[in-house]
Amino acid sequence: MNKNIKSILAIVVMLFAFSPLVALSQQQKAKPWPVPAEFKNKANPVKATAASVADGKEAYKKCSGCHGRTGLGDGPKGKSLDTFPGDFSLASFQNQTDGEQFWRTRTGRDEMPGYKGKLTDEEIWSVVNYMRTFKK
């Protein structure tokens, strides 16, 4: 192969290798998302048992298209969003209260749909229990 063809092939390979990173970097970081005071410290009424985590895992399937199977924000639909769906394994997410996670899941905003009426409150609390398993 001549030198020009090798150079062109190297550039094409680099473009394909870095295109997911470019797409991800074009996504915005999430804006602040304040939670009403009455939810911020609301206790989770659903105990984090194996059964509730399993229920949460099942209900979470509605979330995985954007948030990914393990909550890393790497679901197939998540890549096409304007805002990165978030990484649920990070301390910044795990340090949120159950009430904050419940309210955000139930209410939604912008590209994220609210799940009020799509999941019961008990299912949403179980999803919160399941999302706690993503902690690194």
inquiry  = Take residue 132 and tell me if it is within 22 Å of residue 35 (Cα to Cα), among the basic types (Lys, Arg), assigned to a helix (DSSP H, G or I) and free of Cβ contacts under 8 Å to residues at least 60 places away in the same chain.
reply    = no
In region 73-86, residues that are touching a residue at least 40 places away in the same chain (Cβ under 8 Å) and either under 20 Å from residue 136 (Cα atoms) or touching a helix residue (DSSP H, G or I) at 6+ places or on another chain (Cβ under 9 Å) (or both) total 5
Scanning region 29-40 for residues that are out of contact with any helix residue (DSSP H, G or I) (no Cβ under 6 Å at 6 or more places or on another chain) and surrounded by 10 or more Cβ atoms within 10 Å (Cβ to Cβ), the one modelled with the lowest pLDDT turns out to be 30
Selection from region 46-99 of residues in contact with a Phe, Trp or Tyr (Cβ under 8 Å, 6 or more places away or on another chain), under 15 Å from residue 28 (Cα atoms) and hydrophobic (A, V, I, L, M, F, W, C) yields none
For residue 51, the lone unmet condition from (1) surrounded by 15 or more Cβ atoms within 10 Å (Cβ to Cβ); (2) part of a helix (DSSP H, G or I) is (1)
Q. Quick one: is residue 98 touching a helix residue (DSSP H, G or I) at 6+ places or on another chain (Cβ under 6 Å) and not β-branched (Val, Ile, Thr)?
A. yes
Scanning region 106-129 residue by residue, those hydroxyl-bearing (Ser, Thr, Tyr), surrounded by 15 or more Cβ atoms within 10 Å (Cβ to Cβ) and without any contact (Cβ under 8 Å) to a residue 24 or more places away in the chain turn out to be 107
Within region 49-79, residues under 19 Å from residue 135 (Cα atoms), within 20 Å of the chain's Cα centre (by Cα) and of a type in the set (Gly, Ala, Ser) come out as 52, 54, 56, 59, 64, 68, 71, 73, 75
Checking 126, 89 in turn, the sole residue that is hydroxyl-bearing (Ser, Thr, Tyr), assigned to a loop (DSSP other than H, G, I, E, B) and touching a helix residue (DSSP H, G or I) at 6+ places or on another chain (Cβ under 6 Å) turns out to be 89
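The values are calculated or read from the model by the stated rules, or taken from the named source; none is laboratory data. What you see is a predicted model; the values in this text were computed from it and never measured. With ideal geometry, Cβ positions are generated from the backbone for all residues, glycine too; neighbour counts draw on all protein chains shown.
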